[in-house]
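The values are calculated or read from the model by the stated rules, or taken from the named source; none is laboratory data. Everything numeric here is computed off the predicted structure, so don't read it as measured data. Quick reminder, even Gly has a Cβ in these numbers, built from the backbone with ideal geometry, and neighbours come from all protein chains shown.
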Amino acid sequence: MRPRHLGVVDYTLAKRALLREFRQGLLSRLDICDAHPELIRAAKYLGCDASRPCPVCKGSELRLLAYVYADGMKRDNGRAFGVREAIALAAAERGSACYVVEVCTDCSWNHLAEAFRARTAV
Ligand SMILES: [Zn+2]
């Protein structure tokens, strides 16, 4: 359920390409599982269950977290939020952007999942 006035960019293809390189041995686990401790912490406390296994370790600790950027948000600009809250915030702020990141709190895999951009004409 997405607000209709938010444009969506799906990062599935970029993610697939990265995972393919990992499986082919072109990238190591350390190369792709490099989540910053702060990102892991935010994913643990603010994130929601991605309800799919981690694509790298196949574990069940994959979580979704979102960041919102908007001029009008002042000190909340660039803060991490739960996905639902982030989308609501982004929908309310003209010219805002919301980035949904998937983070595995087990193996530290992290990747941009989707980006929402508020369209100027609402
Ligand atoms: Zn994992």
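Taking the range 6-54 as the range and being within 15 Å of the ligand (Cβ to nearest atom), part of a helix (DSSP H, G or I) and either hydrophobic (A, V, I, L, M, F, W, C) or under 17 Å from PHE81 (Cβ atoms) (or both) as the test, the residues that pass are LEU18, LEU19, PHE22, LEU30, ILE32, LEU39, ILE40, ALA43, LYS44. Within the range 55-77, the set of residues being among the acidic types (Asp, Glu) and part of a helix (DSSP H, G or I) comprises ASP71, ASP76.
Let's see how each residue does on (1) under 14 Å from the mean Cα position of the chain (by Cα); (2) in contact (Cβ under 8 Å) with a residue 40 or more places away in the chain; (3) surrounded by fewer than 19 Cβ atoms within 10 Å (Cβ to Cβ):
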position	(1), (2), (3)
LYS44	yes, yes, yes
ALA50	yes, yes, no
VAL56	no, yes, no
GLY59	no, yes, yes
ALA66	yes, no, no
ASP71	no, no, yes
ARG75	no, no, yes
ARG79	yes, no, yes
VAL83	yes, no, no
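Remark: ASP49 matches the filter, which requires a residue to be modelled with pLDDT of 95 or more and charged (D, E, K, R). Of all residues in the range 15-40, those satisfying the criterion of being surrounded by 12 or more Cβ atoms within 10 Å (Cβ to Cβ) and either under 15 Å from CYS104 (Cβ atoms) or touching a residue at least 24 places away in the same chain (Cβ under 8 Å) (or both) are LYS15, LEU18, LEU19, PHE22, ARG29, ILE32, CYS33, ALA35, LEU39, ILE40.
The residue pairs whose first member lies in the range 86-111 and is within 14 Å of the ligand (Cβ to nearest atom), whose second member is among the aromatic types (Phe, Trp, Tyr), and whose beta carbons are closer than 9 Å, counting only pairs six or more residues apart or on different chains, are VAL101/TYR67; GLU102/TRP109; VAL103/TRP109; HIS111/TYR11.
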